Every structure is written in C-alpha cells, then in structure tokens.
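One structure is given here, and the rest of the page talks about it.
The values are calculated or read from the model by the stated rules, or taken from the named source; none is laboratory data. These numbers come from a predicted model, not from an experiment. As a convention, Cβ positions derive from the backbone with ideal geometry for all residues, glycine included, and neighbour counts pool all protein chains shown.
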Amino acid sequence: MALAPMAGFTDIAFRQICSAYGADVVYSEMASATALYYHRGDNDNETLRLLQWDEKKEANFVVQLFGSKPEHFAVAAKIIEKTVKPQGLDINFGCPVSKVIKQGAGADLMKNLKGARAVIEAVLSNSSLPLAVKIRAKSGEVEALDFLKNIADLPIAAIMIHGRSLSQGFTGEADFSLVEKIRPYFKGAILMNGGINDLVTAKRALTLSGADGLGLARGALARPWLFQEIREDREIIYGQAEICALLYRHAHLLVSLKSEAALVEWRKQSCWYVQGLAGASNLRSRLVQVSTLKQLEDILKDYGFNN
C-alpha cells in the first residue's frame, strides 16, 4: 500500500502520519527535475528542502520527479541519489494539472512515447536506485498498454496506474481492469490508483484489477487511517473528537518539523479531515484562517477537543 504523490499534500508530516497508519511506501510531493537542474550547485535549494525526510518515521520513501527534458532528469537523479538518499525514484507521467501539462510534463509527456522513453533511460543511466513510473489509463491517443509496450525492455521496478484518462481528470469511474491487459508487458509491481476512497472500493479495486497493491491519494487525505482499514480488513469509524485530535496532531507535527508558517499550507489539508462532520462548513471556514497552534486549539475546543 502506497501513499501516492500529491503536490502540496504529501509532505514530511503527512507521510509520517500515513506511515504510522500502515503505508508500506510513501511518495514525496512532485519535485521539479528542471529546478534541480538549474540549482545543481546549491545544496540548500527549495526543491531539496521539499524532499527532506526521516528514515526512522517514514515507510519506504520514493521521490517523484516531473519535467520533460532527459538532461534535466539525468542531473536530478544524480543529485537526489547523492543528497536525499531515498529508497527509490518515480517519474510522473500522469499529472493532469494545466501548469504541468503546459511544460510538456506529467500526462502530456505520457503522450510523447519517444520523449517518455528518453526520460526514463536518462534516469536509469544516472542512478542505481529502483525506478517506478506513474501513468494514467489514457492520455490523448496513448493508452496505458501502448506506454508499457514502449518501455517493456527497460528495468522498471514498479508502475502506479491511475485508472482514469487525462480527459477525466479526477472525476468519473476508474478502470480497474487495466492490469490484466498490461501484465504480459510488465514484470515489476503494479499498483492501482484513482477513486479509492474507502475500504469497499479498495477491496473492489484489488479484486477487479489483480494488482499487486494500491496507491492511495485523495482517499488518504480524508482518512489516513484507510491504510489501517485495508491492512486489517475492517472499517474504522473516527468520531468528531478523534478527528479533532488527529487534526491537532498533524498540525503540531508539522510545526515541530518546520514552523508555524507551515500552517498556511496545512489549511487546505485540514479541510479534508472534517468532511461529513456536523458543522463541517463552519469548521472549515475557521480552519482556513489558522496561523498558530493556539488559534487551532481554541477552535477545536468548541468541538470537544481537550489538548
């Protein structure tokens, strides 16, 4: 079970929380290969700070890179292996966000079979770390099967497939039948991703796909204990008090690792936790204004939280 990469969400604090709930692998936020390329002489650049991690408190850590130029990936792979020292690298061929697509990266690079292969070869030639890739069911006219046939001879350790096409984005039904089609062309581990938000869907995804595992994304944002639910095959119900306690635990951990300034970024993540709670709309409107732990404590006390 892997925590799938999500920009602005899968930071060091959230990775530690998901690791504690049973994630086997945790992915970094998307890191720009281009940024690493142009700041390769700077060992304290923003991208490297984004990739800080704690090997004692995180499950197997994988750094995900995005970009479009093989020469950028070649340099980035060397830098990450030497300075970050994760358990593996991953290349993003699935991001549908427009600012990434405009760079010829993410799901746009998936459509470029020649360019995608060149990027993969650049990483393999410049790093000894296991390499994984993340793709979508389809991007433009290129389907997952086309993509895998194009790199079938390369030593890729794992692939995570988002079961939706680029045109679907993050909505609509995910196709969990993809794995059967591509299995003959891929020898590594295959993880299913997309629309897996609860235990029922997780079990259905594994049964229908026959995948080796799952990549949890937005489902983990709302309920990081989903990893534990899948591992123990039982639904876990978190009440209001427990969710408030988890909210505070997450915020406190983030502040201890970074600073209270990091709570500004945390605000949007806090909103996922409170989905379905009584008074969730009012609570969200207050959470998005939090800038100190004291403010958060005062807000949560109104919902029965006692630190």
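For the structure I just gave you, tell me whether residue 5 is buried (at least 24 other Cβ atoms within 10 Å of the Cβ) and part of a loop (DSSP other than H, G, I, E, B). Break it down stepwise before answering.
Details: buried (at least 24 other Cβ atoms within 10 Å of the Cβ): yes; part of a loop (DSSP other than H, G, I, E, B): yes.
Here the answer is yes, as residue 5 does meet what is asked.
Please enumerate the residues belonging to region 58-79 that are assigned to a loop (DSSP other than H, G, I, E, B) and under 17 Å from residue 135 (Cα atoms).
First, the residues of region 58-79 that are assigned to a loop (DSSP other than H, G, I, E, B): 58-59, 67-69.
Answer for region 58-79, where residues must be assigned to a loop (DSSP other than H, G, I, E, B) and under 17 Å from residue 135 (Cα atoms): 67, 68.
To keep it simple, each residue is scored yes or no on (1) over 18 Å from the mean Cα position of the chain (by Cα); (2) within 24 Å of residue 42 (Cβ to Cβ); (3) in the same structural domain as residue 161 (by TED's automatic domain parsing).
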| site | (1), (2), (3) |
| --- | --- |
| 86 | no, yes, yes |
| 94 | no, no, yes |
| 100 | no, yes, yes |
| 117 | yes, no, yes |
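Test residue 55 against the criterion of being in a helix (DSSP H, G or I), among the acidic types (Asp, Glu) and either over 19 Å from residue 215 (Cβ atoms) or outside the structural domain of residue 186 (by TED's automatic domain parsing) (or both), and give yes or no. Let's see the steps before the verdict.
Numbers: in a helix (DSSP H, G or I): no; among the acidic types (Asp, Glu): yes; either over 19 Å from residue 215 (Cβ atoms) or outside the structural domain of residue 186 (by TED's automatic domain parsing) (or both): yes.
So residue 55 fails the test.
Could you look through region 18-52, keep only residues that are in contact with a His (Cβ under 6 Å, 6 or more places away or on another chain) and not in a loop (DSSP other than H, G, I, E, B), and pick out the one that is nearest to residue 119 (Cα to Cα)?
Out of the qualifying residues, it is 33.
Identify, please: which residue in region 146-158 is in a helix (DSSP H, G or I) and either out of contact with any Leu (no Cβ under 8 Å at 6 or more places or on another chain) or at pLDDT below 95 (or both) and is, among those, surrounded by the most Cβ atoms within 10 Å (Cβ to Cβ)?
Across region 146-158, the extreme among qualifying residues is 148.
Do you know which residues across region 62-112 are of a type in the set (D, E, K, R) and over 19 Å from residue 6 (Cβ atoms)?
Going through region 62-112, the residues of a type in the set (D, E, K, R) turn out to be 69, 71, 78, 81-82, 85, 90, 99, 102, 108, 111.
Answer for region 62-112, where residues must be of a type in the set (D, E, K, R) and over 19 Å from residue 6 (Cβ atoms): 69, 71, 78, 81, 82, 85, 102, 111.
Which one is nearest to residue 97 (Cα to Cα) among residues in region 133-157 that are touching a Phe, Trp or Tyr at 6+ places or on another chain (Cβ under 9 Å) and of a type in the set (Gly, Ala, Ser)?
For region 133-157, the residue satisfying everything is 139.
Report yes if residue 59 is crowded, with 24+ Cβ neighbours inside 10 Å and either within 12 Å of the chain's Cα centre (by Cα) or modelled with pLDDT under 95 (or both), otherwise no.
Details: crowded, with 24+ Cβ neighbours inside 10 Å: no; either within 12 Å of the chain's Cα centre (by Cα) or modelled with pLDDT under 95 (or both): yes.
Judged against the criteria, residue 59 is not a match.
Scanning for something under 18 Å from residue 160 (Cα atoms), out of contact with any Phe, Trp or Tyr (no Cβ under 7 Å at 6 or more places or on another chain) and assigned to a loop (DSSP other than H, G, I, E, B), does region 114-121 turn up at least one residue?
Among the residues of region 114-121, not one is under 18 Å from residue 160 (Cα atoms), out of contact with any Phe, Trp or Tyr (no Cβ under 7 Å at 6 or more places or on another chain) and assigned to a loop (DSSP other than H, G, I, E, B), which makes the answer no.
Looking for whichever is of a type in the set (S, T, N, Q) and touching a residue at least 40 places away in the same chain (Cβ under 8 Å) here; the options are 197, 282, 193. Which one fits? Spell out the reasoning first.
On the way: 197 fails: touching a residue at least 40 places away in the same chain (Cβ under 8 Å); 282 fails: touching a residue at least 40 places away in the same chain (Cβ under 8 Å).
Result of the check over 197, 282, 193: 193.
Identify, from the list 253, 263, the residue that is of a type in the set (A, V, I, L, M, F, W, C), without any contact (Cβ under 8 Å) to a residue 40 or more places away in the chain and outside the structural domain of residue 171 (by TED's automatic domain parsing).
One residue alone meets the criteria, 263.
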